[in-house]
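Participant: This is the structure I want to talk about, given as structure tokens.
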Amino acid sequence: MKANRPSAPTLRDIAEAVGVHTTTVSRALNPRTQNQVGADTVRRVRKAAKDLGYQPNPIALSLRTSRSRTVGLVIPDITNPLFPPIVRGIESALEASGYSGWIVNTDNDPQRERKLIESLRSRQVEGLIVATARLEHPLLAELHAAGVPLVLVNRRVEGIDVPCVTADDAAGVSAAVAHLAGLGHTRIAHLAGPQTTSTGAARARAFRHAVRDLGLSDEPGLVVECAQWSEEAGASAARALLDARTDVTAVVAGNDLIALGCYDVFGERGIDCPGDISVVGFNDMPFLDKLRPPLTTVHVPHHDVGVEAARMLLDGIEDPERPARSMLLPVSLVVRGSTASR
């Protein structure tokens with residue numbers, strides 16, 4: 001005959017061990033309410049919980065409070081090195097408030113995205129942090145109209161008043177162009193990200209403004225759109241640019257992956273970087289200083305982007321009537337070995 005398994009410790013067990021009410025224990029164990037309890041009590045409650053081996057039951061908690069304390073993170077391509085530091089920032093802010101995140105990867109597929117978001121909502125997530133937004137995004141419009149708390153990260157959507165956290169794309173592109181112009185480059189090209197995304201459109205627009213402001217050539221042929229934010233798409237665009245233009249001496253890439261595509265084509269064609277063509281990326285992904293040559297790029301504080309997006313979403317969950325707001329985080333140019341004087 002099997003022995004009965006001991007029951008898991010409960011809030012009541014902790015309360016009896018410490019000599020307080022179960023409500024006090026609940027507040028002491030919740031990061032968002034622990035400030036309602038004295039610091040000494042919080043310490044004693046947490047010690048008792050650890051000694052007893054208490055593990056909170058999130059399912060029971062969600063049934064009791066009608067809150068899951070989870071949010072969904074909708075990422076277009078988890079293999080893109082841009083996103084892990086953003087996700088880490090989101091997770092650190094969520095954890096500090098007693099929340100956790102469900103991460104889904106859409107592969108930039110609208111149908112897959114819709115299916116995954118429906119799955120997240122079936123799990124009763126309290127809100128969504130979305131990094132997949134296109135300029136026109138019917139699904140996000142539907143979610144916003146349905147009252148789902150949303151925050152966009154690294155993207156904006158036209159016609160929807162949704163909070164967002166982005167880097168200062170215009171300032172970053174302007175700094176990149178000014179850096180190249182200061183080195184004597186007058187024929188600067190831009191390999192733009194997809195123009196269906198707010199980031200691609202904003203950086204392409206900033207590039208055109210920057211070259212005009214400096215009196216440099218702004219011929220349409222100096223801007224080539226990439227089909228995706230990827231190394232492969234960057235290489236394809238670089239080939240198209242170099243096949244059409246022989247006078248380009250510098251390239252501002254829409255992001256670092258596109259810049260890596262340039263490196264691939266330079267290797268194919270025996271082009272020296274930065275001797276023949278200088279390149280500037282955007283994002284400052286990890287390990288760019290290990291490339292040959294190390295990539296000059298615009299640094300974006302991705303961890304901070306994630307932290308602020310999570311905080312913004314939690315504010316919206318706690319106060320659904322809170323007006324939507326946007327946050328623009330500063331960027332900086334990191335000069336390395338891929339740019340040189342003409």
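Participant: Which condition does S97 not pass, out of (1) under 23 Å from R311 (Cβ atoms); (2) buried (at least 20 other Cβ atoms within 10 Å of the Cβ); (3) not β-branched (V, I, T), if it passes all the others?
Facilitator: Evaluating S97 over (1) under 23 Å from R311 (Cβ atoms); (2) buried (at least 20 other Cβ atoms within 10 Å of the Cβ); (3) not β-branched (V, I, T) leaves (2) as the failure.
Participant: Continuing with this model, one more query. Any idea how many residues of the range 76-127 are of a type in the set (V, I, T) and farther than 20 Å from N283 by Cβ?
Facilitator: 3
Participant: In the range 264-298, what count of residues is obtained for those that are open to solvent by 70 Å² or more (accessible area, probe 1.4 Å) and touching a Leu at 6+ places or on another chain (Cβ under 9 Å)?
Facilitator: 2
Each row is one residue, and each column tells you yes or no for (1) open to solvent by 30 Å² or more (accessible area, probe 1.4 Å); (2) more than 23 Å from I86 (Cα to Cα); (3) out of contact with any helix residue (DSSP H, G or I) (no Cβ under 7 Å at 6 or more places or on another chain).
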{"residue": "R134", "(1), (2), (3)": "yes, no, yes"}
{"residue": "A141", "(1), (2), (3)": "yes, yes, yes"}
{"residue": "D161", "(1), (2), (3)": "yes, no, yes"}
{"residue": "H179", "(1), (2), (3)": "yes, yes, yes"}
{"residue": "L191", "(1), (2), (3)": "no, yes, no"}
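Participant: How many residues are part of a helix (DSSP H, G or I) and under 15 Å from I258 (Cα atoms) if we restrict to the range 274-311?
Facilitator: Of the residues in that region, 1 qualify.
Participant: What tally of residues in the range 306-324 results from selecting those that are exposed (fewer than 13 other Cβ atoms within 10 Å of the Cβ) and touching a residue at least 24 places away in the same chain (Cβ under 8 Å)?
Facilitator: Residues in the range 306-324 being exposed (fewer than 13 other Cβ atoms within 10 Å of the Cβ) and touching a residue at least 24 places away in the same chain (Cβ under 8 Å): 1 in total.
Participant: So G172 passes all but one of these: (1) open to solvent by less than 30 Å² (accessible area, probe 1.4 Å); (2) farther than 21 Å from I78 by Cα; (3) more than 18 Å from the chain's Cα centre (by Cα). Which condition number does it fail?
Facilitator: For G172, the exception is condition (3).
Participant: Follow-up question, since we're still on this one. Which members of the range 193-203 meet the condition of being under 19 Å from G172 (Cβ atoms) and open to solvent by 30 Å² or more (accessible area, probe 1.4 Å)?
Facilitator: The answer is Q195, and nothing else.
Participant: Take A238 and decide whether it is within 24 Å of D168 (Cα to Cα) and either among the hydrophobic types (A, V, I, L, M, F, W, C) or in contact with a strand residue (DSSP E or B) (Cβ under 6 Å, 6 or more places away or on another chain) (or both).
Facilitator: Against the criterion (within 24 Å of D168 (Cα to Cα) and either among the hydrophobic types (A, V, I, L, M, F, W, C) or in contact with a strand residue (DSSP E or B) (Cβ under 6 Å, 6 or more places away or on another chain) (or both)), A238 does not qualify.
Participant: Can you name the condition, by its number, that D256 falls short on among (1) within 19 Å of G337 (Cα to Cα); (2) of a type in the set (D, E); (3) touching a strand residue (DSSP E or B) at 6+ places or on another chain (Cβ under 9 Å); (4) open to solvent by 20 Å² or more (accessible area, probe 1.4 Å)?
Facilitator: (4) is the only condition that D256 fails.
Participant: OK, next. Please enumerate the residues belonging to the range 204-227 that are surrounded by fewer than 20 Cβ atoms within 10 Å (Cβ to Cβ) and part of a loop (DSSP other than H, G, I, E, B).
Facilitator: Passing the criteria: L214, G215, L216, S217, D218, E219, A227.
Participant: Any chance you could count how many residues in the range 1-49 are at pLDDT 85 or above, surrounded by fewer than 16 Cβ atoms within 10 Å (Cβ to Cβ) and more than 39 Å from the chain's Cα centre (by Cα)?
Facilitator: Adding up the residues that qualify gives 2.
Participant: Go through (1) at pLDDT below 95; (2) small (G, A, S); (3) within 21 Å of the chain's Cα centre (by Cα) one by one and return the number of the condition S217 breaks.
Facilitator: (3)
The values are calculated or read from the model by the stated rules, or taken from the named source; none is laboratory data. Just so it is clear, the model here is predicted, and its values are computed rather than measured. As a convention, Cβ positions derive from the backbone with ideal geometry for all residues, glycine included, and neighbour counts pool all protein chains shown. Just the protein is used for accessible areas: all its heavy atoms, side chains included, with ligands, DNA and RNA removed. Shrake-Rupley method; radii C 1.70, N 1.55, O 1.52, S 1.80 Å.
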